[in-house]
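> Dropping a structure here in structure tokens format, bear with me for questions.
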Amino acid sequence: MSLLLTGVSYYFFVMPVEDKIKRQNVQKVQFEKALVEKQKAPENLRKLQEEMVQLESGFKLALEELPDEKDIDELLWQLSEVARRAGLDIAQIEPLREIPVGFFAKIPVRMTLRGNFQELSLFFQKTSQMRRIVNISNIRLSKASLSKSDAATASSSPILKADFLANTFRFLGAQQPESSQKANRGTNK
């Protein structure tokens, strides 16, 4: 009989308390996990703020290389100066029409230079080191025709004529390209 009373007491009094303890232990583990996650949040916030500061400074540096203004006169002066320092003759330097491409615009400049291979190589190298991004494309090299006075003073290196496009870029940002703005003005009337 005492065994039966012990079994009934265990079933009605002890088991519910044990179940309650198990549920509370599970809840405790969940709360501890949530607490750990919430304690990490300020640390993550600090890391995110530091990353944001780094991204902003990187963005400022990128804007120096990808300005938001054309500055064609400045670019033409820089290209002319690099060519002059390399010892090249500038036969042509002509800015072409800007081409919007997404969030940036491509600004091509057609150039024709005359000089020997080493001078042209130096020009291309110095152009790649400019603060503003300038890509050289569509390079065509040919032997330059020399006048009689040039032929008399020409060195042993052949004089080459280089025709190419020097492409630079500018940041458009949230602005719409001009063609889109014109189209929107036409539909908003």
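The values are calculated or read from the model by the stated rules, or taken from the named source; none is laboratory data. Treat the numbers as computed from the prediction; the structure is a model and nothing was measured. Reconstructed Cβ throughout: ideal geometry from the backbone, glycine too, with neighbour counts over all protein chains shown. Accessible surface is based on the protein model in full, side chains and every heavy atom, while ligands, DNA and RNA are left aside. Shrake-Rupley method; radii C 1.70, N 1.55, O 1.52, S 1.80 Å.
> Counting only residues that are surrounded by 13 or more Cβ atoms within 10 Å (Cβ to Cβ) and assigned to a loop (DSSP other than H, G, I, E, B), which one in the stretch 107-147 is farthest from the chain's Cα centre (by Cα)?
Only one residue tops the list, namely Leu146.
> When you check Ala174 against the structure, is it modelled with pLDDT under 55, out of contact with any Cys (no Cβ under 6 Å at 6 or more places or on another chain) and either more than 19 Å from Asp89 (Cα to Cα) or assigned to a loop (DSSP other than H, G, I, E, B) (or both), yes or no?
yes
> Further question: Looking only at the stretch 72-97, count every residue that is within 15 Å of Ile159 (Cα to Cα) and in a strand (DSSP E or B) and tell me the total.
Matching residues across the stretch 72-97 total 3.
Per-residue answers, yes or no, for (1) open to solvent by 60 Å² or more (accessible area, probe 1.4 Å); (2) under 19 Å from Arg170 (Cα atoms):
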| site | (1), (2) |
| --- | --- |
| Asp73 | yes, yes |
| Leu76 | no, yes |
| Ala83 | no, no |
| Ala86 | no, no |
| Ile90 | yes, no |
| Glu98 | no, yes |
| Ala105 | no, yes |
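Yes/no matrix, rows are residues, columns are (1) at pLDDT 85 or above; (2) not acidic (Asp, Glu):
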| position | (1), (2) |
| --- | --- |
| Ser9 | no, yes |
| Val14 | no, yes |
| Gln24 | yes, yes |
| Lys28 | yes, yes |
| Glu56 | no, no |
| Asp71 | no, no |
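> Applying the selection to the stretch 120-148, what residues are touching a residue at least 24 places away in the same chain (Cβ under 8 Å) and closer than 16 Å to Gln78 by Cα?
Leu120, Leu122, Phe123, Lys126, Thr127, Met130, Arg131, Arg132, Ile133, Val134, Asn135, Ile136
> Which number in (1) assigned to a strand (DSSP E or B); (2) at pLDDT 90 or above marks the one condition that Thr168 misses?
(2)
> Name the residues in the stretch 83-101 that are in contact (Cβ under 8 Å) with a residue 24 or more places away in the chain and farther than 17 Å from Asp163 by Cβ, would you?
Scanning the stretch 83-101 gives Arg85, Gly87, Glu98, Pro100.
> Any chance you could count how many residues in the stretch 44-60 are open to solvent by less than 100 Å² (accessible area, probe 1.4 Å) and under 30 Å from Arg170 (Cβ atoms)?
5
> A further question follows. Among the residues of the stretch 1-43, how many are open to solvent by less than 100 Å² (accessible area, probe 1.4 Å) and of a type in the set (Lys, Arg)?
Selection size over the stretch 1-43: 1.
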